[in-house]
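In what follows, a structure is listed as structure tokens, so that the remarks can point back to it.
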Amino acid sequence: MANVLVSACLLGLPTRYDGAAKPDRELLEQLRTEGHTPIPVCPEQLGGLPTPRPPAEIEHDDGPAVLAGRARVVTLEGRDITESYLRGADAALRIARLLSCRTAWLKEKSPACGVHRIKRGERTVPGRGVAAARLEAGGLEVFGR
């Protein structure tokens, strides 16, 4: 049985920016059937952000650029919350290592967890979130839902 990091909102926990959850029963059943133990994480909460919280996005780029210091994460009102996203991504990676997780299933479209897609304004654009990028750089295999 392997531990697998999973976005907490996909497990039904109300951790999204709007205080809602996005339960993915199909994913949970798949993990159970395969004998995996889901480990819930919300990088935004781990970084110290409240729930609910103002929506945020990565300006002009995506997670790898944030990790490299070339982009930032801002709320729609323009408040820079990059440091919270970096702290949360680092904490998620520490949890993954502590619990020997080799894979992560993360919520698409999130500025933290998006694996293939993130939101920018009203549009969905190709890109990776900050935590997804940190986890992948840390050696985890990262999948999006």
Among residues belonging to segment 44-97 that are touching a helix residue (DSSP H, G or I) at 6+ places or on another chain (Cβ under 6 Å) and small (Gly, Ala, Ser), point out the one that is surrounded by the fewest Cβ atoms within 10 Å (Cβ to Cβ). 48
Quick one: residue 41 ticks every box in (1) among the β-branched types (Val, Ile, Thr); (2) free of Cβ contacts under 8 Å to residues at least 12 places away in the same chain; (3) within 16 Å of residue 112 (Cβ to Cβ) bar one, so which box is it? (2)
Of the residues that sit in segment 3-43 and are part of a strand (DSSP E or B) and of a type in the set (S, T, N, Q), which one is surrounded by the most Cβ atoms within 10 Å (Cβ to Cβ)? 7
For segment 101-127, what are the residues that are more than 20 Å from residue 27 (Cα to Cα) and in a loop (DSSP other than H, G, I, E, B)? 111, 121, 122, 127
Tell me, please, whether a residue that is within 22 Å of residue 136 (Cα to Cα) and either assigned to a loop (DSSP other than H, G, I, E, B) or modelled with pLDDT under 95 (or both) can be found in segment 76-83. yes
Unique residue being small (Gly, Ala, Ser), touching a Gly at 6+ places or on another chain (Cβ under 8 Å) and free of Cβ contacts under 8 Å to residues at least 24 places away in the same chain when the list is 65, 21: 21
For residue 60, which of the numbered conditions (1) part of a helix (DSSP H, G or I); (2) at pLDDT below 95 fails to hold? (1)
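The values are calculated or read from the model by the stated rules, or taken from the named source; none is laboratory data. If you're wondering where the values come from, they're calculated on a predicted model, not measured in any experiment. Glycine gets a Cβ as well: all are built from the backbone with ideal geometry, and neighbour counts include every protein chain shown.
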